[in-house]
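Input: a single structure, listed below in structure tokens.
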């Protein structure tokens, strides 16, 4: 078994993304505002992770200060695209004031959150 380790950082307007591969886990961390203008950057990073051979993909939202419906759509689409491998996609939740959009929609029940 080969050891996979890599990292990259993407900054797009008010969103900073950090993508890391450590062994069988590919983590994408989002900091700042995830909205209509920045959501395509997250979508690209998650696509790279999904196409990899990582056993688990973790999306860390603890650094988000804002998320709108476009950002929520990207996260829900990633979850749907990962349904062929149950348990592969996990989300570390955003701070409570930002997490509210997940609670107000069915997303809170649909996504697999890490605690």
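One Cα centroid belongs to region 24-42, the other to region 55-73; the line between them spans 6 Å.
Estimated from helices alone, the mean residue ellipticity of the chain at 222 nm is -10000 deg cm²/dmol (sum of -39500 (n - 2.57) over DSSP H runs with n ≥ 4, per residue).
Residues of region 72-115 falling in the label zone of residue 24, defined by backbone nitrogen less than 12 Å from a point 7 Å along Cα to beta-carbon, are 88. Over region 5-110, Cα pairs under 8 Å with separation of 6+ residues give a relative contact order of 24 percent.
Taking square-rooted eigenvalues a ≥ b ≥ c of the alpha carbon gyration tensor, is the chain rounded, prolate or oblate, where a/c under 1.5 means rounded and, failing that, a/b exceeding b/c means prolate? Note, shape of the chain comes out oblate. Between residue 5 and residue 97, full extension at 0.36 nm per residue minus the direct alpha carbon distance yields a gain of 29.8 nm.
What residue among 38, 83, 19 has the largest mean-square fluctuation in a Gaussian network model of the chain, using Cα springs under 10 Å? Top of the fluctuation ranking is 83. Relative to the longest principal axis of the Cα atoms of the chain, the long axis of helix 69-81 lies at roughly 30 degrees.
All of the numbers you see were taken from the coordinates with simple rules; none came from a lab. Source: prediction; values computed, not measured. Backbone-built Cβ (ideal geometry, glycine too); neighbour counts: all protein chains shown.
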